[in-house]
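Here the structure is laid out as structure tokens; the discussion comes afterwards.
The values are calculated or read from the model by the stated rules, or taken from the named source; none is laboratory data. As the structure is a prediction and not an experimental result, all values here were calculated from the model. Because the Cβ atoms are built from the backbone with ideal geometry, glycine has one as well, and the counts that use them run over all protein chains shown. For the accessible areas, the whole protein counts, side chains as well, though only heavy atoms, and no ligand, DNA or RNA atoms are used. Shrake-Rupley method; radii C 1.70, N 1.55, O 1.52, S 1.80 Å.
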Amino acid sequence: MRETSNPVFRSLPKQQGGYAQFGTGAAGFGAQQMQQHAPEYLDQQQAGVSRPLTIDDVVTKTGITLAVLSAVAVVSYFLVSGNLGLATPFALIGGLGGLALVLVATFGRKQDNPAIVLSYAALEGLFLGAVSFIIANVASVGGPGMIAQAVVGTMGVFFGMLVVYKTGAIRVTPKFTRMIVAAMFGVLALMLLNFVLAMFGVGGGAGMGLRDGGMMAIIFSLVCIGIAAFSFLIDFDAADQMVRAGAPEKAAWGIALGLTVTLVWLYIEILRLLSYFNND
């Protein structure tokens, strides 16, 4: 059974099998986790409490989640632009709070809780607004135009990978998934090592140079963008398995959360990369 690189999806129900496109394939409870929840889901559907998940549900819930994130991010950006002292608390509260909610949703199996998902979106918006202002206006001279480029780039990658998935240009196989998961753990380990080395003043406070704007930083950001992009294929496949397995409609909130986590990471990496070309 394929295992998604996105931790949010891992405890959501999925169906075992090969490549599939959204909305196709026979419904069933093939995956072990789906089997565990099957009686509960069937009881809910028979009682009229819930209906099977559809792609429309996924699109709607993801749209709502991104709308909340975007609205809060815009407000956060303008508040920080008026008072730079708000940047640090906004980034810390939003970043740490968002991470805490993702952990609660993942390990507490509450991905389908709309309150948690929308709270995460609000906190992440607080974080993104502050970080975007700092990267675009303090760490570089790109300004709002660079942020717009990052947003367009992020959505372009997202829809591009959706087309790749739906056309079957790249098959989501167990081997492909293992490669992406290994690559993700690799870059996370490098990020952590770079952070620790920077704290101890190695490389003049730049660590291994993964975030100093040099050639190594550019290559590292390109690698991260590539991994995030390919992670979408695995996320789409995980969501597809849930639709085919007949998961309840509320599972759309969990899919929205997982996709948003990947989108945020991709946006930050694209914004960082653009900032390297807009230094003073």
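Between Thr60 and Leu92, what is the spin-label point distance in nm, taking each point 7 Å from the Cα along the Cα→C-beta axis?
Placing both labels 7 Å along Cα→Cβ, they lie 4.1 nm apart.
Placing +1 at every Lys and Arg Cβ and -1 at every Asp and Glu Cβ, with all other atoms neutral, what dipole size does region 153-280 have around its Cα centre, in debye to the nearest 20?
Details: 8 positive and 7 negative charges, 68 e Å.
Its charge dipole is roughly 320 debye.
Please sort 263-275, 143-155 by packing, taking for each peptide the average over its residues of neighbouring beta carbons within 10 angstrom, highest first. Before the final figure, lay out each step's value.
Working: 263-275: 22.0, 143-155: 16.4.
Ranking the peptides 263-275, 143-155 by packing returns 263-275, 143-155.
So how far apart, in nm, are the two label points at Phe159 and Ala67 if each is 7 Å from Cα heading toward Cβ?
1.8
So what are the radius of gyration and Dmax for the Cα set of region 67-179, in Å?
Rg and Dmax of region 67-179, Cα atoms, are 16.9, 49 Å.
Step through the residues of region 259-270 one at a time and calculate ³J(HN,Hα) from phi using the Karplus curve (6.51 cos²θ - 1.76 cosθ + 1.60, θ = phi - 60°), rounding each to whole Hz and writing x for Gly and Pro.
Taking θ as phi minus 60°, the curve returns 5, 5, 4, 5, 4, 4, 4, 4, 4, 4, 5, 5 Hz for region 259-270.
Beta carbons within 10 angstrom, averaged per residue: use that to sort the peptides 103-116, 240-253, 78-91, highest first.
Numbers: 103-116: 16.8, 240-253: 24.6, 78-91: 14.9.
Sorting 103-116, 240-253, 78-91 by mean packing, highest first, produces 240-253, 103-116, 78-91.
Please calculate how many Å² of accessible area region 62-191 carries per residue, with a 1.4 Å probe and no DNA, RNA or ligand atoms counted. All intermediate terms of the calculation are to be shown ahead of the outcome.
Details: 6340 Å² over 130 residues.
Ligands and nucleic acids excluded, the figure is 49 Å² per residue.
Apply the Karplus curve 6.51 cos²θ - 1.76 cosθ + 1.60, θ = phi - 60°, to the phi angles in region 53-63 and return the couplings in whole Hz, x for Gly and Pro.
Running phi through 6.51 cos²θ - 1.76 cosθ + 1.60 with θ = phi - 60° gives 5, 10, 5, 4, 4, 4, 4, 5, 5, 5, x Hz.
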